[in-house]
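Chemist: This is the structure I have questions about; it appears just below.
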Amino acid sequence: MLVTMTGGTILLMWLGELITESGVGNGISLIIFAGIVSRLPTLVQQTAVAGNNIAGALVLTLVALVLVVGIVVIYQGERQIPVQYAQRVRGNRRYQGGSTHIPLRVNSAGMIPLIFAMSIMLFPATVASYFTASSVQWVASIATFIYNLFNSQGVLYWLLYFVLVVGFTYFYTLVIFQQQNLPEVLQRNNGFIPGIRPGARTTEFLLRILNRVTLAGALFLGLVAISPFFVRSITQTQSLTLSSTGLLIVVGVVLDTIKQLEAQLLMRRYRGFIR
């Protein structure tokens, strides 16, 4: 099993790199997208088998459509910070100033917070499951308590999941912001935000705006993460499920592929891919 899974993973990564080099979009993402979409017939079959729960199927479809629209809006949403560039002279050349903007995205973290949060939530229950059948009574009791505490059927599990997703969204966004080092880049290129002094003041201003913008993205990601719990509570069935991570991957890959197709067509002087 280990050899087969390792070999299959290497093969898929190789195919993904070939798609990236010769096609449009990220090859690995497209393979993951295909794997998620290929499971849709199974979901439809489960819905058909549970034919007595028509209301649950309609609720699942409605929630999925609302989440898709929300994901598109959040992924595309950004706060544009105006930036002015002063005239500068380098050697015998004079560079004219100009104006542009810094796009601060509402969701800069993508689906990384969900992966981090899911990994942390699965770890305690996975470790505890190895000791639930222990011959030592107190070890088995503690393991059973931890396993039930982090069971995905409980409310506490989804509450902790929501908190972790929101926290990791802020954490990952701040990491990306510090790596970009925008204030120093602006100051090095004689750029400044109108009304804000370069340096520490610019950093404080961008962090304040970024925290406010990220709040909407973090709360929305948290709601997307716990959406399966609400769907299961409303439909009162285990056969109708909704994968929040799958929705994020599908919508993100589609949006990224459309952008790359648009860029390729614009390079060839077409009027546009979507009009």
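Chemist: Name the pairs: first residue in the range 252-264 and farther than 21 Å from V106 by Cβ, second residue loosely packed, with under 15 Cβ neighbours inside 10 Å and at pLDDT below 80, Cβ to Cβ under 8 Å, at least 6 apart or on different chains?
Modeler: The qualifying pairs are L261/F273.
Chemist: Give the number of residues within the range 1-41 that are outside any helix (DSSP H, G or I), surrounded by 11 or more Cβ atoms within 10 Å (Cβ to Cβ) and of a type in the set (S, T, N, Q).
Modeler: The total comes to 1.
Chemist: Identify all residues within the range 122-164 that are within 27 Å of A218 (Cα to Cα), among the hydrophobic types (A, V, I, L, M, F, W, C) and surrounded by fewer than 17 Cβ atoms within 10 Å (Cβ to Cβ); write none if there are none.
Modeler: L122, F123, L149, V155, L156, L159, L160, V163
Chemist: Among the residues of the range 64-99 satisfying the criterion of being modelled with pLDDT under 80 and polar (S, T, N, Q), which is farthest from the chain's Cα centre (by Cα)? If you could, list the steps in order and put the result at the bottom.
Modeler: Filtering the range 64-99 for residues modelled with pLDDT under 80 gives 85-99.
Right, trim to polar (S, T, N, Q) and you get 87, 92, 96, 99.
On the way: Q87: 39, N92: 47, Q96: 39, S99: 31 Å.
Only one residue tops the list, namely N92.
Chemist: Give me the helices (runs of 4 or more DSSP H) completely within the range 105-198, filtered to those with at least 2 residues that are under 30 Å from V251 (Cα atoms), ordered by residue number.
Modeler: Answer list for the range 105-198: 112-129, 155-180.
Chemist: If you don't mind, there's one more thing I want to ask. In the range 171-218, which residue that is free of Cβ contacts under 8 Å to residues at least 40 places away in the same chain and small (G, A, S) is surrounded by the most Cβ atoms within 10 Å (Cβ to Cβ)?
Modeler: Taking the candidates together, the pick is G199.
The values are calculated or read from the model by the stated rules, or taken from the named source; none is laboratory data. Since this is a predicted model, take the numbers as computed values, not measurements. Positions of Cβ are generated from backbone atoms using ideal geometry, with glycine treated the same way; all protein chains shown enter the neighbour counts.
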